[in-house]
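S.K.: Supplied in C-alpha cells, the structure appears directly below.
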Amino acid sequence: MRFKLIIALVADEYTEKVIDAARGAGATGATVIKSARGEGLKPVKTFLGLTLEGQVDVILYIVEQHLSRKILERIAEEGRFGDKPGSGVVFQVPVEDAVGLGSQLDTIKQEIEGQL
C-alpha cells in the first residue's frame, strides 16, 4: 500500500469543516497544528507589532494514494480556497515509509475497496 501526506493550511474558522469533509472523503485521521501564521505575496499588516491577519491551522493527513486526490479536492472546496487569495492551500507529497498506521490499515483497505 502506498500513502500520500496531505498538508492543508486552513483559516482557523474552517478547520473543523475541513476535517469533517476530509473524513467524509476517506481520511481516517488528522493531526492539527494550531495557530500558525503564513505570508503570501503581500507582507502581513501589523498594528503596534500585532498581526492583523487571521491565524491558520496546519492539518496533516496520511492517506492511501488512491483516495488522496478526492480528499485534497474536498479540503479545498470546504476551506473555500478558490474564493479569495490567502484563504488557504492544500498539497500532497509521497510518503516513502510510515510506521504506526497498523490500527487504521483495515479501515483504509475497506475504504479503498468501496471506492475503486
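S.K.: If I model a spin label as a point 7 Å beyond the Cα along the Cα-Cβ vector, how far apart are those points for Lys109 and Glu77 in nm?
M.R.: Distance between label points: 2.9 nm.
S.K.: Subtracting the Cα-Cα distance from 0.36 nm times the residue separation, let me have the gained length for Thr31 to Gln55 in nm, one decimal.
M.R.: Extra length from Thr31 to Gln55 when fully extended: 7.0 nm.
A short reminder: the numbers here are calculations on the coordinates, not readings from a lab. It should be emphasised that the depicted structure is a prediction, and the values quoted were computed from it without experimental measurement. Note that each Cβ is placed from the backbone with ideal geometry, even for glycine, and that neighbours are counted across all protein chains shown.
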